[in-house]
Amino acid sequence: VQLQASGGGLVQAGGSLRLSCATSGGAFSGYALAWFRQAPGKEREFVSAIRWSGGNTVYADSVKGRFTISKDTAKNTVYLDMNRLQADDTAVYSCAAGRPIIPAMRSPSMYYYWGPGTLVTVSS
């Protein structure tokens, strides 16, 4: 299984970006795909997750109402639309795949496939 995140860049506060996570090498029925982020000097933080079958979504409180996770099963791709970006959204964003139960979808230990991240920098 391979995951590849893309779409990061430099954006002004209040702006928007769309991140993509292209997947290959596996069938994701029963899996959840998630976005995590890690800012310099900080621990990895859960952002959002979506179940491949059914489409249940979970968001961190810090991004709820600003970020939207979605999937395109035909393209085997998960997206993260980020709006009203703030300086503290600056981080390396990574996508991950795993089979967590719904209550554990926020836990990074539940995900065992990880892709290289993409840097998002929000200037204030």
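The values are calculated or read from the model by the stated rules, or taken from the named source; none is laboratory data. Since the model is a prediction, treat every value here as computed from it, not as a measurement. When we count neighbours, we look across all protein chains shown, and the Cβ atoms used for this are built from the backbone with ideal geometry, even at glycine. These area figures cover heavy atoms from the full protein model, side chains too; ligands, DNA and RNA do not enter into them. Shrake-Rupley method; radii C 1.70, N 1.55, O 1.52, S 1.80 Å.
Can you spot a residue in region 41-48 that is under 13 Å from the mean Cα position of the chain (by Cα), farther than 16 Å from Gly117 by Cβ and open to solvent by 20 Å² or more (accessible area, probe 1.4 Å)?
Taking region 41-48 first, the residues under 13 Å from the mean Cα position of the chain (by Cα) are 44-48.
From the residues that got through so far, the ones that are farther than 16 Å from Gly117 by Cβ too are none.
Scanning region 41-48 turns up no residue that is under 13 Å from the mean Cα position of the chain (by Cα), farther than 16 Å from Gly117 by Cβ and open to solvent by 20 Å² or more (accessible area, probe 1.4 Å).
Cβ-Cβ under 7 Å, sequence separation 6+ or interchain: first residue in region 94-123 and more than 24 Å from Gly25 (Cβ to Cβ), partner of a type in the set (Phe, Trp, Tyr) and surrounded by 15 or more Cβ atoms within 10 Å (Cβ to Cβ). Which pairs?
The qualifying pairs are Arg106/Phe46; Val120/Tyr93.
Would you check which residues across region 3-46 are among the hydrophobic types (A, V, I, L, M, F, W, C), assigned to a loop (DSSP other than H, G, I, E, B) and at pLDDT 95 or above and list them? Explain how you work it out, then say what you get.
First, the residues of region 3-46 that are among the hydrophobic types (A, V, I, L, M, F, W, C): 3, 5, 10-11, 13, 17, 19, 21-22, 27-28, 32-36, 39, 46.
With assigned to a loop (DSSP other than H, G, I, E, B) added as a condition, the list becomes 13, 27-28, 39.
Scanning region 3-46 gives Ala13, Ala39.
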